[in-house]
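Contents: one structure, followed by commentary.
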Amino acid sequence: MKLVTYIREDVDQLAMLVNGQLYNLQDLHPELPTTMHMFLQMWEEVIDLAKAIDARLKEGHTPRSNVHGVPFDEVQLLAPVPFPTSCRDGYAFRQHVAAARRNRKVDMIPEFDQYPIFYFTNHNAIQGPGDIFCMPDHFDKLDFELEAAVVICKRGRNITAAEADEYIGGYMIMNDMSARTLQMEEMKLNLGPAKGKDFSTVIGPMLVTADELEPFRIPAKEGHTGNNYNLKMKCWVNGVQVSEGNMGDMDWTFAEIVERCAYGADILPGDVIGSGTVGTGCFLELNGTGKLNDPNYPEQWLKAGDVVEMEIDGLGKLTNTIVAEETDFSILANKKNI
């Protein structure tokens, strides 16, 4: 099942996507909720009904004669989960971590292979397809990050990796936008990403349930537990492909990341969790690799007007345009000189 949130009469509307058409859930059945927030809160009560109706739609049957689809490409999309309860981002792809450390001429950190990690980012800055508004400081080494993400569909605590996939409602594309100069400055204080990350995290264009991805399921890597999927991941900037990876290259599975998230803490319906960047999935890594091989390699960063497109097999294509805010206000310029 593919679930989409879009603007309908100035409010968020949840719909199923079938054959290019959107069907509003409550139009399909009075017991189905109108928003993703409600759907996730009611997940165990409504998921079987929703999947049964989705199957009927795919067969060409609507449950009511007066139900009509809305073309997917004619609506204003929001993030599939427009109001997440929290947003964490993981660090699951060893290839990306190893390449980034090699480019900085430091050894691979052994702790990567011992346990999965994550950080909390600004869940109020979640957005879907469309414009990404950036301040002047963001444009000092502005970067994309090609990732996948999941959303939690039921409350849990102290969950093991063996059972964690049952708590995952579905999968999405994630673009974990990064302002690298801000990020690099504040990370010197050994705390964690803050202003370098909190201006925009993009998810979308749809939430896809695990049953849709079953044909792509592959074993987790040796020594790991949880579902894994052979899904190609790509990114283009202004129509030029800059990144390619595979979701199946995740070393830590989402189940293992969820296990760590839920240790001694509640996870809640609506929590969004990202995979971390796939190998080759950002300009920081690509520029570092380029300069390692050629000191004259020209760095590339995002700029105003750039169009970023991300695609993951089975999860659709996520498109955003970078837009400059009309201001010259800078927090980098406000640094204290000691």
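The values are calculated or read from the model by the stated rules, or taken from the named source; none is laboratory data. The structure displayed is predicted, hence computed values, not measured ones. So basically every Cβ, Gly included, is an ideal-geometry build from the backbone, and we count neighbours across all protein chains shown.
Being in a loop (DSSP other than H, G, I, E, B), surrounded by 18 or more Cβ atoms within 10 Å (Cβ to Cβ) and either assigned by TED's automatic domain parsing to the domain that holds residue 148 or at pLDDT 95 or above (or both) is a property that residue 220 has.
Between 313, 306, the distinction of being in contact (Cβ under 8 Å) with a residue 60 or more places away in the chain and within 24 Å of residue 169 (Cβ to Cβ) belongs to 313 only.
Only one of 154, 141 is in contact with a Gly (Cβ under 9 Å, 6 or more places away or on another chain) and more than 17 Å from residue 202 (Cβ to Cβ). Can you tell me which? Lay out the reasoning, then the answer.
Working: 141 fails: in contact with a Gly (Cβ under 9 Å, 6 or more places away or on another chain).
None of the others qualify; the one that does is 154.
When you look at residue 143, is it crowded, with 19+ Cβ neighbours inside 10 Å, farther than 25 Å from residue 40 by Cβ and acidic (Asp, Glu), yes or no? Yes; evaluated as a whole, the condition is true for this residue. When residue 170 is tested against the conditions (1) modelled with pLDDT of 95 or more; (2) surrounded by fewer than 19 Cβ atoms within 10 Å (Cβ to Cβ); (3) outside any loop (DSSP other than H, G, I, E, B), the lone failure is (2).
Checked against the criterion of being buried (at least 17 other Cβ atoms within 10 Å of the Cβ), at pLDDT 95 or above and in contact with a strand residue (DSSP E or B) (Cβ under 7 Å, 6 or more places away or on another chain), segment 110-118 contains one or more residues that satisfy it.
Within segment 230-249, how many residues turn out to be in contact with a helix residue (DSSP H, G or I) (Cβ under 9 Å, 6 or more places away or on another chain), crowded, with 16+ Cβ neighbours inside 10 Å and either touching a residue at least 60 places away in the same chain (Cβ under 8 Å) or closer than 17 Å to residue 176 by Cβ (or both)?
Selection size over segment 230-249: 8.
Summed over segment 250-267, the residues that are crowded, with 17+ Cβ neighbours inside 10 Å, out of contact with any helix residue (DSSP H, G or I) (no Cβ under 6 Å at 6 or more places or on another chain) and among the aliphatic types (A, V, I, L, M) give a count of 3. Residues in segment 304-330 that are more than 21 Å from the chain's Cα centre (by Cα) and either surrounded by 12 or more Cβ atoms within 10 Å (Cβ to Cβ) or outside any loop (DSSP other than H, G, I, E, B) (or both): 304, 324, 325, 330.
Is it true that some residue in segment 226-239 is assigned to a loop (DSSP other than H, G, I, E, B) and charged (D, E, K, R)? Spell out how you get there, then give the answer.
Let us first name the residues in segment 226-239 that are assigned to a loop (DSSP other than H, G, I, E, B), namely 226-227, 230-231, 238-239.
From the residues that got through so far, the ones that are charged (D, E, K, R) too are none.
No, there is no match, as no residue in segment 226-239 is assigned to a loop (DSSP other than H, G, I, E, B) and charged (D, E, K, R).
Confirm whether residue 330 is touching a helix residue (DSSP H, G or I) at 6+ places or on another chain (Cβ under 6 Å), among the hydroxyl-bearing types (Ser, Thr, Tyr) and at pLDDT 95 or above. Yes, satisfied. Restricting to segment 173-193, name every residue that is assigned to a loop (DSSP other than H, G, I, E, B) and in contact (Cβ under 8 Å) with a residue 12 or more places away in the chain. The answer is 177, 192, 193.
With respect to residue 79, is the statement that it is under 26 Å from residue 247 (Cβ atoms), without any contact (Cβ under 8 Å) to a residue 60 or more places away in the chain and among the small types (Gly, Ala, Ser) true? Show your work before the answer.
Details: under 26 Å from residue 247 (Cβ atoms): yes; without any contact (Cβ under 8 Å) to a residue 60 or more places away in the chain: no; among the small types (Gly, Ala, Ser): yes.
Against the criterion (under 26 Å from residue 247 (Cβ atoms), without any contact (Cβ under 8 Å) to a residue 60 or more places away in the chain and among the small types (Gly, Ala, Ser)), residue 79 does not qualify.
Suppose we filter segment 21-52 for residues that are within 18 Å of residue 76 (Cβ to Cβ) and not in a helix (DSSP H, G or I); how many remain? Residues meeting the conditions: 6. Looking at 90, 128, can you tell me which residue is assigned by TED's automatic domain parsing to the domain that holds residue 327, touching a helix residue (DSSP H, G or I) at 6+ places or on another chain (Cβ under 7 Å) and buried (at least 21 other Cβ atoms within 10 Å of the Cβ)? Criteria check complete, one pass: 90.
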